[in-house]
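Novice: Take this structure, written in structure tokens, and hold onto it; I'll ask about it next.
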Amino acid sequence: MIFASELVERVAGQIKLRFLDESSGHDWHHIERVCKLAHKIATHEGADQEIVQLGALVHDIADWKFHGGDDSVGPREAERLLLQEGAPQDIIDPVVNIVATISYKGAGVQTTMQTLEGRCVQDADRLDAIGAIGIARCFAYGGHAGRLLYDPAMPPELHATAAAYKAAKGTSLNHFYEKLFLLKERMNTAGGRLLAERRHQFMEEFVTRFLDEWDGESAKD
């Protein structure tokens with residue numbers, strides 16, 4: 001990865017140390033993939049690469065899922081790190097805004113990014129939540145959170161509020177219907193929409209196969 005500045009390189013080093021051994025699917029490798037995807041999208045969109053790369057690097061610095069549902073921790077921690085590394089305020093403010101706005105919070109909740117840079121990072125993060133790696137991350141997090149793989153008696157729920165989404169305890173397979181299948185239509189950029197198509201299709205094929213095998217259909221082949 002080509003860093004946009006020395007500031008980005010220093011922040012990347014701090015984030016890598018912090019997240020290298022994380023095991024829920026929100027590890028350094030996820031962050032690095034988001035950085036690369038965001039850089040690619042930002043190149044086509046003409047966005048500020050320094051803000052995009054910093055936003056991608058710190059977007060999961062303190063995810064609410066690991067802080068009791070408190071979504072104010074991430075922006076505070078991002079600001080603290082950026083100040084520590086000597087970032088100017090005109091860089092800190094848009095990056096912290098990305099962290100505060102990036103998360104998906106339910107089917108009925110809009111999380112509209114205010115800046116082009118934020119839209120690039122949000123698309124990159126959502127792309128890493130779908131497709132083959134997205135499937136792996138979904139089940140990795142489900143295991144981390146103690147969720148069942150699937151239970152036909154527990155239907156998916158399209159959460160109308162952020163509070164309902166945060167409180168949900170559904171199965172890992174339900175997460176496809178409650179979030180992952182919805183992301184393709186929530187991409188902000190042309191590049192994000194294009195990259196999402198194949199990943200979305202792969203997830204649909206996977207879930208169809210999963211349900212066939214769950215019901216024992218593969219034994220009839």
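The values are calculated or read from the model by the stated rules, or taken from the named source; none is laboratory data. No experiment lies behind these values; they were computed from the predicted model shown. Neighbour counts are summed over all protein chains in view; Cβ atoms, including those assigned to glycine, are modelled from backbone coordinates with ideal geometry. The area values use the complete protein model at the heavy-atom level, side chains included, leaving out ligands, DNA and RNA. Shrake-Rupley method; radii C 1.70, N 1.55, O 1.52, S 1.80 Å.
Novice: Restricting to the range 14-45, what's the tally of residues that are surrounded by fewer than 18 Cβ atoms within 10 Å (Cβ to Cβ) and within 22 Å of Q89 (Cβ to Cβ)?
Specialist: Counting residues in the range 14-45 that are surrounded by fewer than 18 Cβ atoms within 10 Å (Cβ to Cβ) and within 22 Å of Q89 (Cβ to Cβ) gives 1.
Novice: How many of the residues in the range 163-173 are under 23 Å from T208 (Cα atoms), assigned to a loop (DSSP other than H, G, I, E, B) and open to solvent by less than 60 Å² (accessible area, probe 1.4 Å)?
Specialist: Qualifying residue count, the range 163-173: 2.
Novice: Enumerate the pairs (first residue in the range 33-55 and farther than 16 Å from R193 by Cα; second residue anywhere and of a type in the set (S, T, N, Q) and at pLDDT below 95) with beta-carbon separation below 7 Å, excluding pairs fewer than 6 apart on the same chain, so at least 6 apart or on different chains.
Specialist: E50/S5
Novice: Checking D123 against (1) crowded, with 19+ Cβ neighbours inside 10 Å; (2) free of Cβ contacts under 8 Å to residues at least 40 places away in the same chain; (3) acidic (D, E), only one condition comes out false. Which one?
Specialist: (2) is the only condition that D123 fails.
Novice: Spot the failing condition for G192; the list is (1) touching a helix residue (DSSP H, G or I) at 6+ places or on another chain (Cβ under 8 Å); (2) surrounded by fewer than 16 Cβ atoms within 10 Å (Cβ to Cβ); (3) of a type outside the set (K, R), and only one is missed.
Specialist: (2)
Novice: Here is a follow-up. Just one of the numbered conditions (1) touching a His at 6+ places or on another chain (Cβ under 8 Å); (2) open to solvent by less than 20 Å² (accessible area, probe 1.4 Å) is not true of V109; which one?
Specialist: (2)
Novice: Go through the range 181-203 residue by residue and tally those that are touching a Ser or Thr at 6+ places or on another chain (Cβ under 9 Å) and more than 22 Å from L158 (Cα to Cα).
Specialist: 1
Novice: Can you tell me which of T189, T171 is of a type in the set (V, I, T) and farther than 21 Å from V52 by Cβ?
Specialist: Only one candidate qualifies: T171.
Novice: Moving on. Among the numbered conditions (1) at pLDDT 90 or above; (2) under 30 Å from S5 (Cα atoms); (3) not aromatic (F, W, Y), tell me where G106 comes up short.
Specialist: Here G106 clears every test but (2).
Novice: When you check A132 against the structure, is it of a type in the set (G, A, S), under 18 Å from the mean Cα position of the chain (by Cα) and open to solvent by 60 Å² or more (accessible area, probe 1.4 Å), yes or no?
Specialist: For A132, the condition - of a type in the set (G, A, S), under 18 Å from the mean Cα position of the chain (by Cα) and open to solvent by 60 Å² or more (accessible area, probe 1.4 Å) - is met.
Novice: Out of the range 139-160, which residues are more than 14 Å from K179 (Cβ to Cβ), under 19 Å from the mean Cα position of the chain (by Cα) and open to solvent by 70 Å² or more (accessible area, probe 1.4 Å)?
Specialist: The answer is H144, and nothing else.
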